[in-house]
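Trainee: Handing you a structure now.
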Amino acid sequence: MPKLVVDGAEIEVENGTTLLQACESAGAEIPRFCYHERLSIAGNCRMCLVEVKGAPKPQASCALSVNDLRPGPNGEPPEVFTKSAAVKKAREGVMEFLLINHPLDCPICDQGGECDLQDQAMAYGIDKNRFSEAKRAVEDKYIGPLVKTVMTRCIQCTRCVRFSTEVGGVEELGLIGRGEDVEITTYLEAAMKSEMQGNVIDLCPVGALTSAPYEFKARPWELRKTETIDVMDAVGSNIRVDVRGREVMRILPRMHEDVNEEWISDKTRFIWDGLRAQRLDRPYIRENGKLRAATWHEAFEAIAGAVRASSPERIAALAGALCGVEEVYALKELMRAIGSPNTDCRPAGSTAGSKGGRGSYLFNATIAGIEDADAVLLIGTNPRHEAAVLNSRIRKQWLATSMPIAVIGEAADLSYDYMHLGVGPDSLSELAGGKGKFASTLKKAERPLIIVGQGALARPDGAGILALATEAARRYGVLGQDWNGLSVLQTDAGQAGALDVGFLPGEGGLDTAGLLKAAGGGGLDVVYLLGVDEVDMKDLDKPFVIYQGSHGDAGAHAADVILPGAAYTEKSATYVNTEGRPQLARRAAFPPGEAREDWAIIRALSEVLTVTLPFDSLNDLRAGIYEALPHLAQIDTVTPADVEELAKLADGGAKVSKTAFSNVVRDFYLTNPIARASAVMAECSALRRGAHKEAAE
C-alpha cells in the first residue's frame with residue numbers, strides 16, 4: 001500500500017485513495033466545494049489545492065490519486081503540505097475568484113448560517129478583493145415547485161448535475177455555455193421529475209438551490225432540532241425534524257449508511273406542510289348524521305356503550321400504515337382483553353405473516369445488502385415509487401457493476417435498464433420452473449436478489465405468488481445461511497412492526513377482506529380503525545366505526561367517533577422498517593389541541609371499558625413489548641429471519657391466477673393522509689399528472 005508524508009506525519013493508505021482522502025485520514029482539513037464522497041470527481045472548484053513536494057504548482061487533491069505521486073530521489077515517500085504559505089496563497093486566490101461574481105445577499109439568503117461558501121470564506125479567504133468590475137447576473141431558472149433557484153449565486157460546482165444523473169437517475173440538469181457565460185439549467189427550463197430532487201438543496205454549497213416551500217420561513221439558529229425516523233415509506237429513512245414553537249418548519253436527512261446513506265425522498269422532505277392541515281385536534285361524535293365536537297369522556301362513553309351492546313365476535317380492529325409498534329401492541333392487548341379475535345394490519349387479500357415466519361414479510365437481504373447482489377429480479381413492484389431511496393441503492397449497484405436486472409410486472413421507468421420478462425404469474429411460474437430468458441443469469445449469479453412487492457402479494461393469490469417466488473429462490477440458490485436474497489418490499493412504515501407484534505386474526509378471527517365483507521353484510525357491530533384510511537369505507541356504513549388518527553381523511557369521514565391522535569413527528573414510537581430494523585422515532589413537537597399519543601388513548605379507553613391494560617407509561621409499555629418480543633429491543637439492529645422456515649413456503653404448492661401484477665402506488669406524492677393534506681404534494685402530483693397527459697398526447 002502507498003505511503004506518504006502529510007504535514008510531517010507518515011501514513012499508509014489503500015491503493016486508489018485520492019490525495020484529499022489521504023490528507024483527511026492524516027487529520028488535515030481540506031476545503032472543497034465540488035468534491036462529494038458519493039458523487040463522481042469533477043475537479044471544478046480548485047479549493048482543495050495542496051502542495052506536493054517537487055510539483056511545479058499546487059495540485060487539486062480531489063482529482064489526484066496517491067498512486068500517481070512520485071517518491072523522492074532516494075525512494076522517500078512523497079511529501080504533501082496542506083498548511084504551507086503556497087497553499088494558503090492558492091486557496092485565497094481561488095476564494096477571491098469565486099467571490100468576484102457572487103452577490104452580497106447573505107442577509108436574505110436561505111442558506112445563511114449553513115453556507116459552505118460563508119464558512120470557507122471566513123476560514124480561507126481574505127478581507128479584500130482586487131476586482132472592481134460589475135458582477136455578472138444570471139437569470140433564475142424554473143426547475144419545479146420544490147427547488148428554488150437563485151442562479152447568480154451559483155459557483156458551477158456541478159454537484160447538482162452529478163447527483164441528478166448518477167443518483168437520481170434522470171439527466172435533468174446540465175451545464176451550458178462557456179467561460180463567463182456558463183450556466184446550470186434544465187432542458188428547456190422544464191420541471192425536474194426525480195423523486196429525489198430535493199437532495200440537491202443539501203448538496204448545493206451556496207444559496208443557488210434552496211427549498212421553495214421553506215423560502216424565508218426561518219433561520220437555522222431559531223429551530224429546535226430532533227433526530228427521528230421517516231414514515232412516508234417502509235425504508236425507515238433517518239431524518240432531522242426542525243421545529244419553531246409548535247410548528248414543523250423543515251425536514252432534513254441524517255446519515256445512516258445501512259438505510260438511507262444521506263439521501264431522502266421528496267415526499268419525506270416536503271411533507272411537513274401537511275402536518276398542520278386537516279388536523280384532528282379534539283374528539284368528535286356523530287349525531288343525526290353529523291359530527292359534533294365532544295369531550296374525551298363523552299367519546300369514551302359512546303364507545304363503551306357500543307361495545308357493551310355488542311359481543312366480542314362482532315367487534316373488530318384494523319391497524320393502518322403509519323402506526324408505531326407501541327399503539328399496535330396496545331390495541332392488540334385491548335382487543336384480546338375484550339375477547340375479539342378479529343384483528344388485522346394487512347391490506348385486503350394479503351396473507352403476510354401467516355406462514356414462513358418473519359422472513360415471509362421482510363427484506364431479508366437488507367437494504368445495504370443490495371450492494372452485494374449480482375443479479376436482481378423485481379416481482380410486482382416499482383421501487384422508484386414505493387421506496388425511492390432503496391431504488392437509488394439498486395441504481396448505485398447497477399452503475400458500479402452493470403448488474404443484470406429483470407422485472408415481472410408493470411413496465412416503468414426505474415432509472416436503470418432492465419429486462420422485462422412479463423406482466424403476471426405466468427412469467428414467474430416459467431422462471432420458477434428453470435425456464436425463461438433470465439433463468440441462466442440467475443443460475444450464474446453468486447448472490448441473486450429477488451424482490452417481491454405488494455403488487456404481487458396484496459391480492460387473493462398472494463400466498464401462491466410468494467410460494468412461487470420461494471420455489472424460484474430455492475432453485476437459483478437465493479436462500480442460504482450466508483445470503484438470503486428473497487426479499488419482500490413493504491410500502492407502509494408500520495406494516496413490518498405490526499406483523500412482528502402479531503396484529504393478525506386470532507383463532508376463528510376475520511382478516512381484512514373478511515372483516516370488510518362481514519361489516520358490509522351486517523355481521524359486525526363495532527369496527528376500530530387505528531389510522532386506517534386506505535380501505536373501502538363503503539363497507540363500513542353499517543357498524544359503529546371508531547377512528548383514531550391525526551388527519552381528517554377517509555377514515556374520519558366514515559367514523560361515528562373520532563379520537564384525535566398524534567402524527568409521527570409528535571410522538572415517541574418504534575418503527576420497524578422493511579428489512580426488520582427497529583428504530584426509535586422521537587417527539588419533535590406536541591400534538592395540537594386535545595390530541596394525544598395513540599398508546600395513551602388506548603390505555604385510557606381500556607379503563608372505561610373495564611379491561612384496564614397493565615401499563616401506565618411508555619416505558620412500562622415498552623418493557624412489556626420487549627419481554628414478549630426481545631428482538632424489538634435490539635434498536636437499529638437487523639435480526640435475521642429463519643431461512644429454513646421461509647424455504648418451507650415452496651412445499652405447499654402454488655395456486656395462482658393469471659391476473660397481471662399491478663403496482664400498489666399509483667401516485668407517489670399522495671400515498672397517505674399527511675401527504676393528501678399537503679399543498680406541496682398536491683402541486684407535485686398535479687404537475688406529474690400533467691406531464692403524463694402531455695406525453696400521452
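The values are calculated or read from the model by the stated rules, or taken from the named source; none is laboratory data. In this text, all values refer to a predicted model and were calculated from it rather than measured experimentally. FYI the Cβ positions are ideal-geometry reconstructions off the backbone, even for glycines, and counts take in every protein chain you see. Only protein heavy atoms, including side chains, enter the accessible area calculation; ligands, DNA and RNA are left aside. Shrake-Rupley method; radii C 1.70, N 1.55, O 1.52, S 1.80 Å.
Trainee: If I stretch the segment between D541 and A628 completely, what's the gain in nm (0.36 nm per residue apart, minus their alpha carbon distance), one decimal?
Mentor: 27.7 nm
Trainee: Of the options L621, T637, P592, report the single residue whose Cα projects farthest towards the positive end of the charge dipole of region 586-677 (beta-carbon charges: Lys, Arg +1; Asp, Glu -1).
Mentor: Comparing the listed Cα positions along the dipole, P592 ranks first.
Trainee: Could you report the accessible area of V611 in Å², rounded to 10, computed with a 1.4 Å probe on the protein chains as they sit in the structure?
Mentor: The value for V611 is about 40 Å².
Trainee: For the chain, take the longest principal axis of its alpha carbons; what is the angle in degrees between that and the long axis of helix 462-475, to the nearest 10 within 0 to 90?
Mentor: 50 degrees
Trainee: Could you tell me what percent of the accessible area of the chain is made up of carbon and sulfur, with a 1.4 Å probe and every protein chain present?
Mentor: Here carbon and sulfur together make up 50 percent of the probe-accessible area.
Trainee: Taking the DSSP beta bridges in region 431-573 as the whole, what percent of them are antiparallel, to the nearest 5?
Mentor: Antiparallel: roughly 10 percent of the beta bridges in region 431-573.
Trainee: Then there is this: Could you work out how far the C-alpha centroid of region 511-558 sits from that of region 341-389, in angstrom?
Mentor: Taking the Cα centre of region 341-389 as reference, the centre of region 511-558 is 26 Å away.
Trainee: Expressed in nm to one decimal, what extension gain is obtained for the pair M419 and D636 from 0.36 nm per residue of sequence separation less their Cα-Cα distance?
Mentor: 74.6 nm
Trainee: If you don't mind, another one. So which of K193/K225; K443/K658; K3/K53; K444/K655; K135/K217; K355/K655 end up more than 18 Å apart, counting from Cα to Cα?
Mentor: Long pairs (Cα-Cα over 18 Å): K193/K225; K443/K658; K444/K655; K135/K217.
Trainee: Still on this structure: Counting DSSP beta bridges in region 235-352, what percent are antiparallel, to the nearest 5?
Mentor: Rounded to the nearest five, the antiparallel share is 80 percent.
Trainee: Please go through the residue pairs K267/K571; K396/K437; K89/K148 and name each one whose alpha carbons sit more than 30 Å apart in this structure.
Mentor: Listed pairs above 30 Å: K89/K148.
Trainee: Here's another thing I want to ask about it. Could you compute the FRET efficiency for E10 and A86, with r as their C-beta to C-beta distance and R0 at 22 Å, rounded to 0.05?
Mentor: Calculated transfer efficiency: 0.55.
Trainee: Taking every Cα atom in region 325-482, find the radius of gyration and the maximum pairwise distance Dmax, and write them in Å.
Mentor: 17.1, 56
Trainee: Counting only DSSP beta bridges with both residues in the chain, tell me the antiparallel percent, nearest 5.
Mentor: 55 percent
Trainee: When every alpha-carbon pair in region 1-84 is counted, what percent end up more than 18 Å apart?
Mentor: Cα-Cα pairs of region 1-84 separated by over 18 Å account for 35 percent.
Trainee: As a test of the formula, what do you get for the chain when each DSSP H run with n ≥ 4 contributes -39,500 (n - 2.57) and the sum is divided by the residue count, at 222 nm and rounded to the nearest 500 deg cm²/dmol?
Mentor: So the helix-based figure for the chain works out to -8000 deg cm²/dmol.
Trainee: Using only protein heavy atoms and a 1.4 Å probe, report how much of T185 is accessible, in Å² to the nearest 10.
Mentor: Per-residue accessible area (T185): approximately 20 Å².
Trainee: Okay, next question. Taking each pair of different alpha-carbon atoms in region 491-597 once, compute 1/r for the pair, average those values, and report the inverse of that mean as the Kirkwood hydrodynamic radius in Å to one decimal.
Mentor: Computed over region 491-597, the radius equals 15.2 Å.
Trainee: Right, here's the next one. State the Cα centre-to-centre distance between region 641-670 and region 49-93 in whole Å.
Mentor: Taking the Cα centre of each part, region 641-670 and region 49-93 sit 56 Å apart.
Trainee: Moving on. May I ask you to list the aspartates and glutamates whose Cα is less than 14 Å away from that of K435, ignoring any residue fewer than eight positions away on the same chain?
Mentor: List returned: D426, E471.
Trainee: Could you give the accessible area per residue of region 16-124, probe 1.4 Å, as a whole number in Å²?
Mentor: Averaged over the residues of region 16-124, the accessible area is 50 Å².
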